Amino acid sequence: MKNGSSPPFVGVDIYDDDEPTPPVPVDHDRIKRAVREILLAIGEDPDREGLLDTPDRVARMYAEVFQGLHQDPSVHLKKVFTQKYDELVLVKDIRFDSFCEHHLLPFSGIAHVAYIPNGRVVGLSKIPRIIDVLSRRPQIQERLTEEIADLMMHELDAKGVAVVMEASHSCMTIRGVHKPGSTLVTSAMRGICKDRMATRSEVLALIGIK
């Protein structure tokens, strides 16, 4: 990795060459000052040994987990392959991590993405890549699900797209109602995946959702 570059994408990377990630324009010094103020505000001593490097660590962490704010997910869907195939293409169990924009606490889970090509297919690793970009922003799961579906539909000119996401949210498990084990499931259907009940049912059956 070159100096100044952001960490590589996390996710499936087969049938594809590594793609460089541009530097992330994050104001590290400003974040460090803010974290120091937060530590003071909660009654901690930011100058004690265990916290001396915490502001810098948090700044570097934010640059990593929010790098999607400065990236365009559509670039990963520009390279397509002509293929006469009009059945479902489904990538299941794509791990993702994001941060809830309400409390800046993480939520993590798996995404299932299906599409019906319209004469063009995309490399397998591209779907996890767009999920990585869109999830590495302050998010809510409902919007993230729709953003993935709309991007796939638009960039691939697909006949249909279906996205289902399942995640556990820290804002429900470690604070507030304290309900560990709870899972939020969201879906977004586009094109014939929305309009045709048989296609919709096929997608959900393949994913394993009744």
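Listing for the model above:
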{"quantity": "Charged-residue dipole, Cβ positions (Lys, Arg, Asp, Glu), the chain about Cα centre, Debye nearest 20", "calculated": "520 debye"}
{"quantity": "Folded to 0 to 90 degrees: helix 54-65 orientation relative to the chain principal axis, Cα", "calculated": "10 degrees"}
{"quantity": "Selected from I209, S170, V185, residue furthest toward positive end of dipole (the chain; charges at beta carbon)", "calculated": "I209"}
{"quantity": "Members of K92/K179; K92/K194; K92/K159; K92/K126; K79/K159 lying beyond 21 Å, as alpha-carbon distances in this model show", "calculated": "K92/K179"}
{"quantity": "Rounded tilt (10° steps) of 28-41 against the dominant C-alpha axis of the chain", "calculated": "60 degrees"}
{"quantity": "Calculated [θ] (222 nm, deg cm²/dmol) that DSSP helices of n ≥ 4 give over the chain, each run adding -39,500 (n - 2.57)", "calculated": "-10000 deg cm²/dmol"}
{"quantity": "All aspartates and glutamates inside 18 Å of K32 as judged from Cα atoms, apart from same-chain residues fewer than 8 positions distant", "calculated": "E44, D45, D47, E49, D53, D56, E64"}
{"quantity": "Nearby aspartates and glutamates by direct alpha-carbon distance to K84 (threshold 15 angstrom, same-chain neighbours under 8 apart not counted)", "calculated": "D157"}
{"quantity": "J(HN,Hα) series, the range 197-206, from Karplus relation 6.51 cos²θ - 1.76 cosθ + 1.60, nearest Hz, glycine and proline x", "calculated": "4, 5, 5, 4, 5, 5, 4, 5, 5, 5"}
{"quantity": "nm² value of the averaged projected area, convex hull over the Cα atoms of the chain", "calculated": "13.7 nm²"}
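Throughout, read-outs are computed from the coordinates displayed, never taken from laboratory work. Predicted, not measured: the structure shown is a model, and the values here were computed from it. All Cβ positions, glycine included, derive from the backbone under ideal geometry; neighbour counts span all protein chains shown.
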